[in-house]
Every structure is written in structure tokens, then in C-alpha cells.
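As C-alpha cells, the structure follows; a few thoughts come after it.
Any read-out appearing in this document is the output of simple, stated calculations on the displayed coordinates, not a laboratory observation. Quantities reported herein were computed from a predicted structural model and do not represent experimental measurements. Cβ coordinates were reconstructed from backbone atoms using ideal geometry, including for glycine residues, and neighbour counts include every protein chain displayed.
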Amino acid sequence: MQRRKVTITRVMCERAVPSNAGFTLIELLVVIVILGILAGLIVPNIMDKPEEARKAKARMQLEAVENALKMYKLDTGFYPTTEQGLRALVEKPSTGKIPLKWREGGYLEKGELPKDPWGNDFAYLCPGVHNKDFDLWSYGPNGAEAGEGSEDNVVNWKK
């Protein structure tokens, strides 16, 4: 008798597990609707971020150029003049105050001046008007020095 109970229990256990487990059409539709709602809420917030990302990249590039200028001063004892410009970071100046201990290979990675995220050159003024040593800035998305949109300029004198 006990043997029979064991076989009945075994048969009942085998039948309790469904043979074709999966999602129903309604479950799939609910998941798709939830994903659609989330995408509708998140995508508009992400679409406004590219300009902020470009400004953040410009700030990082400004800091890298600032550090290169500081290394230039450590080696030479002075910053490049406005006339020599940032080009002095990648090529030894041949005019103006010529540095005696200019670093071979320059002061920037890859030996080239970076462009700002909008494809423009960074502006440089030495001695600076806003900083006592030098001013360094990007004209931002519109490339305008002053006037409308100049508040988008990325500068080293505002942290």
C-alpha cells in the first residue's frame, strides 16, 4: 500500500509543473506600455543635455590648456605673450620673448591645440584683464565675442 501512495504523489508532482511556461500577450503588452511611459518621461530630459555637455567639455579643455600654460611658466619663467598665443604650447616661439628652456614636444598631448566643442579656437590674453596672469576663454556656441549669446562664453575667470 505504501508503494502505491508514493507513485500517486510522484504523478501529482509531475502534473503540477506546467509544460509550456511563458508570458501571455497581456503581460507583454503591459511591459511595453510601461517602457513607453518611461521613455516618454526620460527622453525629453535627455534631449536638452547636449549643449550642457559641450559646455562641460569646453571647461575641461580650458583647464587642460591652463595646466599646460602653468607648466610652460614653470619651465620658462613666464607665460607666452598674447602675440605668441597658445601656439607657444606646441611650437617653440620664434618672436617676442624667446624661452630658453622650452620643453621638446610641447606642453599639450598629441602636440596640437584643441578646438572648443563648437570647432573654434580658444582665445588667450596675457596679461589678463580678469585674471592677473592670463585670460583664457571660448566664445561658446555662437562664436560671438560680445552681445547676444556672449553669456554662453566659457571663461577661466568664472569658476
Worksheet item: Each label point is 7 Å from the Cα along the Cα-to-Cβ direction; what then is the distance between the points at Ile34 and Lys70, in nm?
Response: 4.9
Practice prompt. Excluding residues fewer than 8 places away in the same chain, name every one of the lysines whose C-alpha is closer than 27 Å to that of Lys70.
Written response: Lys55, Lys57, Lys92, Lys97, Lys101, Lys110, Lys115, Lys132, Lys158, Lys159
Worksheet item: Lys92 versus Glu104, label points 7 Å from Cα toward the beta carbon: distance in nm?
Response: 1.0
Fill in: Backbone HN-Hα couplings from phi across the range 25-40 [Karplus 6.51/-1.76/1.60, Hz, Gly and Pro as x]
4, 5, 4, 5, 5, 5, 5, 5, 5, 4, 4, x, 5, 4, 5, x
Fill in: ³J(HN,Hα), Karplus 6.51/-1.76/1.60, whole Hz, each residue of the range 133-139, x for Gly, Pro
7, 7, 10, 9, 7, 10, 6
Worksheet, complete the sentence: Between the alpha carbon centres of the range 77-123 and the range 27-76 the gap in Å comes to 28
